[in-house]
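Here is the structure we will look at.
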Amino acid sequence: MSEPAFYPDQNADRGAPTAIAVEHIVKRYGDFEAVKDVSFSVVEGEIFGLLGPNGAGKSTLIRMMTTLVPITAGKAMVAGFDVEKDPDAVRRKIGVIPQALTSDPDLTVEENLSIYAKLYSVPRVQREKNIAEVLEAVDLTKWRGAQTKTLSGGMRRRLEIARGLVHNPHIFFLDEPTTGLDPVSRIAVWEMLDNLRRTRNLTMLITTHYMEEADKLCDRIAIVDHGKLVALGTPMELKHSVPGANVVEVHFNRETEEWKGRLESLEGVTSVQAESAGFYRVLTSSGSRTTMQLVEMATALGETITSLSVQNTTLDDVFVHYTGRQLRDEQVKPAAFMLPPRPGEQR
Amino acid sequence: MNRMFAIVEREMRKFFRSPMLMIMSLMMPILQLLIMGNAFGGKIVGAHVAVVDYDHGPEAVKLREAFDAIAVNIKTFTTINYTDENKAREDVRTGKVDGAVIIPKQYSRRVSAQDAPRIGFVTDNSDQFTSGSLEGELGLVVSALNAPVIQPRLANSIALEIVELYPYVNYMKFLLPACIALAMYISVMIGGGMLYIDDKARGVHEGYLVTPITRLELVLGLNTASAIKATLSGICLTVIGSLMAGLGIIFHPEALLELLCLILGTAIAFNGMMFLLMVRVEDPLTPRAMFGVLNLLLFYPSGAMYPVSAFPAWLRALAIIDPFTYCVHGFKAIILKDGGFTAIWFDLAFLFIFGIGCLLVATPLFKRTL
């Protein structure tokens, strides 16, 4: 087994029953290994986040756990049932919100929910009660008769969440639940999910590539990169695992080759990352001391600092620490936007 | 089975919320019936025939009087007098006239002498329909002129007596069975094939697959819904088409029952075939690209437009396995001939067995996972 670089907590210590247990799970498509020997577990009532860039293998992982994609090797237990051996039992216990908005735009909110309740064989009386409850939970009661195509993006996402809950699942899988939403709707969804967890005692597994979402919403986070689990822990544990308590971002008015070496020589600095010409991110154990030294150094050299900021360590820094690059680098493939070289230009 | 009905309910609610599918599946066959039914099957009227008369004798006058009678009565053609045979030929070639009759010198004398009299007809055989009509009319004129003035008391030649079993079938009536089949095919193609792949691409099936629905329930749900849509299209076009073509068959309860069975069999056959073709398709462009090719491969070899017996052997082989063949044959047997179940039992058996067979093959091919 490839142990994640940071794995401080085990479920046994948490004292709660395990809702999801994944052991040495592998997914291959021909020669390509999309998920490489991943193991983790999620306890009941926990919000567990799979954090990683697009193409990291998060959706493949969630699809294996929700019976959508066959597992090549390894074992996944969900709600006490083996995903490969007893997929129907797993399906009855879980609610799944896929990445795409798949509620039917021509149907009303209530019809969408009713059809999914029927697919889960929820009896008629219970069905009506459940629909009323989930509509209340996602604040769509007054829209129950509206056609789905008339709803805003945020409301449609809330409908998707209601649809996944209409049969009272024990475990809730959400694949990038806030992708495509504006910041206000995103925060509303976070609040709603947190509220649902508390009121319904749901276990949730969420995939996301938003650092802030993982930080605010998840009890524990597994960082996934190139199909591998590279780190796992609470957001706080992960941040503490990175050497350096603060991040100093400094922008000089001109770039010289010596800046990186000079910054690394400052007291308390654990790593320096060049972001762009003259712009550096410096991980340090003491933000205030490094800032003072930096200003003194620039003054002595006669250089100008155009901007300077000090922040606490973020999950972005955690991601950089464990993968060697920033998560946002993966959002846009640089090659796709690279201009062809000019005649005579060397690259 | 409740889960299967949930799929059917979803599909049918969508269907009735967006009536465009129904409208589009009916629009093309109705227009085809209206335009082709009126455009084809009519008689040629007002063609122009050049007459080059080198004879000017009494028999030539008789011939020209016969042409004038045609021009006044059935109006198939009118004549234009030419003096130069070459000019007449040239005008036929350039399309100024549709044919040219040449009455040679000595024609009247040869008729009187019973010395193999001949007249010539220059025809534009690039348009076989017009040339065939003109040849037919001229043939009748010549036969009439050849008939003896006094009929013999005992006929010594063989005569063919034609007995028509059914009232006159105009082209629109002839076309109606093909149009019903076409409407059902379009409905299955759009409401079954295209929507199925579009839903798959949009992730709707992913939503189904995470529920406890079984593979069989899902397949039956999707196919039942698609077959209901095709049946509704078939019923609509049968009623509208019959009214347009002036057929009263829809007012006979027994014939209605036969038509309903045939529509149901056709819906199952077309739908089973479409599901088998689409079961492993992922790309939404595929059914769109297949639409025209399938239409060509299935519709024209079926005998809908031209009799199967006129096809070459390889095309007949295609017609034998083509569900359109049995559907069109069955509809013709009921709509045009009121043949009853005796006339359509084989068509019904083929359509049901073909449809169910396709579904039996397609079901194991349907993937329960992504």
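Quick note: the coordinates plus some simple rules give every number you see, no bench work behind them. None of these values were measured; they are calculated from a predicted model. Note: ideal-geometry Cβ built from the backbone for every residue, glycine included; neighbour counts use all protein chains shown.
For the reader, a short list of remarks on this structure follows.
- Kyte-Doolittle mean at least 1.0, axial Cα span of 20 Å or more - DSSP H helices of chain B: B:20-39, B:171-187, B:215-245, B:253-278, B:285-299, B:340-365
- Shape box of region B:217-264 [Cα atoms, principal axes, largest first, Å]: 42, 20, 10
- Reported value for region B:212-370: 132 Å³ per residue, from the convex hull of its C-alpha atoms.
- Candidate lysines for bridging to A:K260, where Cα separation is under 30 Å - those fewer than 8 sequence places away on the same chain excluded: A:K239, A:K333
- Bridging of A:K149 to aspartates and glutamates at a Cα separation below 12 Å is possible for A:D104, A:D106, once same-chain residues fewer than 8 apart are set aside.
- For the options A:A298, A:A19, A:A222, a Gaussian network treatment of chain A with springs between C-alpha atoms closer than 10 Å singles out A:A298 as fluctuating the most.
- Distances between every pair of Cα atoms in the protein assembly as shown, grouped in 10 Å steps from 0 to the bin holding the largest one, split as 3, 11, 15, 15, 13, 11, 9, 7, 6, 5, 3, 1, 1, 0 percent.
- Low-density loop positions, GluC sites (Glu not before Pro), region A:218-273 - DSSP coil, at most 14 other Cβ in 10 Å: A:E255, A:E257, A:E258, A:E267
- Karplus-derived HN-Hα couplings along region B:161-166 (A = 6.51, B = -1.76, C = 1.60, θ = phi - 60°), whole Hz, x at Gly and Pro: 9, 9, 10, 8, 6, 10
- Chain A: most fluctuating residue of A:V43, A:V318, A:V69 per GNM, C-alpha cutoff 10 Å: A:V69
- In terms of Cα atoms, the Rg and Dmax of chain A work out to 23.5, 79 Å.
- Total lysine pairs whose alpha carbons fall under 21 Å of each other in region B:1-119 (8 or more apart, or interchain): 7
- When you filter the chymotrypsin sites (Phe, Trp or Tyr not before Pro) in region B:116-203 for DSSP loop state and at most 10 other Cβ atoms inside 10 Å of their Cβ, you are left with B:Y168.
- The protein assembly as shown - share of DSSP beta bridges that are antiparallel (%, nearest 5): 60 percent
- Along its three principal directions, the equivalent ellipsoid of region B:47-143 from the Cα gyration tensor extends over semi-axes of 21, 15, 12 Å, largest first.
- Cleavage-rule hits (trypsin sites (Lys or Arg not before Pro)) in region B:81-153: DSSP loop, at most 13 neighbouring Cβ within 10 angstrom: B:K96, B:K105, B:R118, B:R153
- The reciprocal of the average 1/r between distinct C-alpha atoms defines the Kirkwood hydrodynamic radius, which for chain B equals 24.6 Å.
- Along chain B, counting only GluC sites (Glu not before Pro) with a DSSP assignment other than H, G, I, E or B and at most 11 other Cβ atoms inside a 10 Å radius, the longest segment between sites is B:1-160.
- Computed over region A:243-312, Kirkwood Rh from alpha-carbon pairs, angstrom: 11.7 Å
- GNM result for chain B, Cα springs below 10 Å: residue of B:D84, B:D347, B:D199 fluctuating most strongly: B:D84
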